[in-house]
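Trainee: First, the structure itself, so that you have it in front of you.
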Amino acid sequence: MNDSSGTDKRASADPGVAPILSDAEFELFRKLIYDAAGISMAPSKKALISGRLSKRLRELGYATFREYFNWIDKARNDPAALRERQNAIDHLTTNETYFFREPRHFEFIEKRLIPHWAGRSVRLWSAASSSGEEAYTLAMVMEQHHRGSWEIVGTDISTRVVAAATRGQYPLLRANNIPKEFLRKYCLKGVGEHAGTFRLESKLRRKVSFRAANLQEDLSSVGMFDLVMLRNVLIYFDLEIKKRVVANVLRQLKPGGCLMVGHAESLHGVTAAVKAVQPATYIKEGD
Ligand SMILES: C[S@@+](CC[C@H](N)C(=O)[O-])C[C@H]1O[C@@H](n2cnc3c(N)ncnc32)[C@H](O)[C@@H]1O
């Protein structure tokens with residue numbers, strides 16, 4: 001990386017020495033992820049941030065976190081710096097997810113929502129989809145039980161996980177929670193160079209699409225939905241951001257539509273526009 005004087009800013013980096021994240025540098029990254037994604041990081045997350053970014057610093061040859069931060073924060077007109085800013089945001093999000101996570105939600109969809117939707121064309125949204133497991137779990141349940149057409153949209157702020165979700169290919173170990181019948185009907189085991197992985201059937205993938213979207217921003221381009229899963233993401237937000245995100249999401253939910261949050265999350269004090277029908281499951285008023 002050359003600065004305007006042509007000096008290589010990264011020449012001092014020693015690949016054998018791990019950079020140390022100072023408290024002041026930690027604050028810079030904490031503010032970056034709060035401003036970009038609304039994610040609040042407690043001071044206890046310092047080691048996490050350092051661990052997630054230091055490999056990247058070494059790859060790029062930066063000796064300190066501040067130099068790296070200055071590059072991604074200030075160079076607004078530099079496409080490479082903007083790409084790296086997104087990359088840093090990707091690294092600072094927590095993307096843990098798995099198939100059939102919190103199965104009571106999928107039981108509710110099968111037993112209560114799908115009978116109610118019978119014959120109708122429905123749109124479902126995995127609003128913090130991570131690498132796609134939630135959206136594809138929904139897809140398998142819909143394909144198995146819904147009589148009528150359906151479409152699923154997954155969105156996430158991390159472009160890295162959106163790309164992984166679009167591929168829809170996972171290590172075989174991740175298939176553990178998928179019922180045998182669904183594995184047989186909707187998943188293909190990889191062979192040759194894809195051995196050790198499986199991929200969702202193309203007939204399912206055709207009805208599931210993913211795109212990058214920030215829950216803090218206007219989401220009207222995703223359209224209106226009958227069900228929104230907003231699970232295990234509110235925990236990262238403070239009350240003000242939670243209110244904004246839930247209001248944004250509810251604007252895209254049809255009256256009478258269903259909103260699901262993670263079982264460790266609650267909408268108490270966040271919105272009065274929904275009523276709880278079972279833990280972590282709400283119906284939007286107005287049907
Ligand atoms: C822990 S994962 C949850 C995945 C899935 N919903 C589940 O319950 O298994 C949280 C996801 O929220 C995404 N996320 C965090 N802040 C976001 C924001 N402001 N807009 C969109 N997605 C965000 C992260 O990138 C991450 O992939």
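Trainee: Would you point out the residue of region 163-181, among those that are among the aliphatic types (A, V, I, L, M) and surrounded by fewer than 23 Cβ atoms within 10 Å (Cβ to Cβ), that is nearest to Glu107 (Cα to Cα)?
Mentor: This residue is Ile178.
Trainee: Looking at (1) more than 16 Å from the ligand (Cβ to nearest atom); (2) in a strand (DSSP E or B); (3) crowded, with 21+ Cβ neighbours inside 10 Å, which is the one condition that is false for Glu151?
Mentor: (3)
Trainee: For the structure I just gave you, tell me whether Ala128 is within 14 Å of the ligand (Cβ to nearest atom), in contact with a helix residue (DSSP H, G or I) (Cβ under 8 Å, 6 or more places away or on another chain) and among the hydrophobic types (A, V, I, L, M, F, W, C). Walk me through it before giving the result.
Mentor: Values: within 14 Å of the ligand (Cβ to nearest atom): yes; in contact with a helix residue (DSSP H, G or I) (Cβ under 8 Å, 6 or more places away or on another chain): no; among the hydrophobic types (A, V, I, L, M, F, W, C): yes.
When the stated conditions are applied, Ala128 does not pass them.
Trainee: Which residues, counting only those in region 131-148, are part of a loop (DSSP other than H, G, I, E, B) and away from the ligand (no atom under 13 Å from the Cβ)? Quick ask: steps written out before the conclusion?
Mentor: Applying the first criterion (part of a loop (DSSP other than H, G, I, E, B)) to region 131-148 yields 131-132, 146-148.
Those that are part of a loop (DSSP other than H, G, I, E, B) and away from the ligand (no atom under 13 Å from the Cβ): His146, Arg147, Gly148.
Trainee: Quick check on my filter: what residues within region 214-237 are in contact (Cβ under 8 Å) with a residue 60 or more places away in the chain and over 20 Å from Lys284 (Cα atoms)?
Mentor: Answer for region 214-237, where residues must be in contact (Cβ under 8 Å) with a residue 60 or more places away in the chain and over 20 Å from Lys284 (Cα atoms): Asn214, Tyr236, Phe237.
Trainee: It is to be established whether one or more residues within region 42-54 are open to solvent by 60 Å² or more (accessible area, probe 1.4 Å) and touching a Gly at 6+ places or on another chain (Cβ under 8 Å).
Mentor: no
Trainee: So Leu21 passes all but one of these: (1) outside any helix (DSSP H, G or I); (2) open to solvent by 20 Å² or more (accessible area, probe 1.4 Å). Which condition number does it fail?
Mentor: So Leu21 meets the others, but not (2).
Trainee: Same structure, new question: Tell me whether region 229-240 contains one or more residues that are in a helix (DSSP H, G or I) and more than 11 Å from the ligand (Cβ to nearest atom).
Mentor: So in region 229-240, the residues in a helix (DSSP H, G or I) come out as 234-236, 239-240.
Narrowing the set further to residues that are more than 11 Å from the ligand (Cβ to nearest atom) leaves 239-240.
Taking every residue of region 229-240 in turn, at least one turns out to be in a helix (DSSP H, G or I) and more than 11 Å from the ligand (Cβ to nearest atom).
Trainee: Report yes if some residue within region 187-197 is open to solvent by less than 30 Å² (accessible area, probe 1.4 Å), out of contact with any Asp or Glu (no Cβ under 9 Å at 6 or more places or on another chain) and part of a helix (DSSP H, G or I); otherwise report no.
Mentor: no
Trainee: Taking Ile49 as the residue in question, decide whether it is closer than 29 Å to Glu217 by Cα and at pLDDT below 95. Don't jump to the end; show me each part of the working.
Mentor: Details: closer than 29 Å to Glu217 by Cα: yes; at pLDDT below 95: yes.
Yes.
Trainee: Restricting to region 247-264, name every residue that is surrounded by 19 or more Cβ atoms within 10 Å (Cβ to Cβ) and either among the small types (Gly, Ala, Ser) or part of a strand (DSSP E or B) (or both).
Mentor: Passing the criteria: Leu253, Gly257, Cys258, Leu259, Met260, Val261.
Trainee: Could you tell me which residue of region 99-115 is farthest from Gly132 (Cα to Cα), considering only residues that are within 16 Å of the ligand (Cβ to nearest atom) and of a type in the set (Lys, Arg)?
Mentor: Among those that are within 16 Å of the ligand (Cβ to nearest atom) and of a type in the set (Lys, Arg), it is Arg104.
Trainee: Of everything in region 265-287 that's out of contact with any Lys or Arg (no Cβ under 9 Å at 6 or more places or on another chain) and of a type in the set (A, V, I, L, M), which residue is most open to solvent (accessible area, probe 1.4 Å)?
Mentor: Once the filter is applied, the top-ranked residue is Ala272.
The values are calculated or read from the model by the stated rules, or taken from the named source; none is laboratory data. For clarity, every value in this text was computed on a predicted model and none was experimentally measured. Please note: Cβ atoms are built from the backbone with ideal geometry, for glycine as well, and neighbour counts cover all protein chains shown. Note: areas computed on protein heavy atoms with side chains; ligands, DNA, RNA excluded. Shrake-Rupley method; radii C 1.70, N 1.55, O 1.52, S 1.80 Å.
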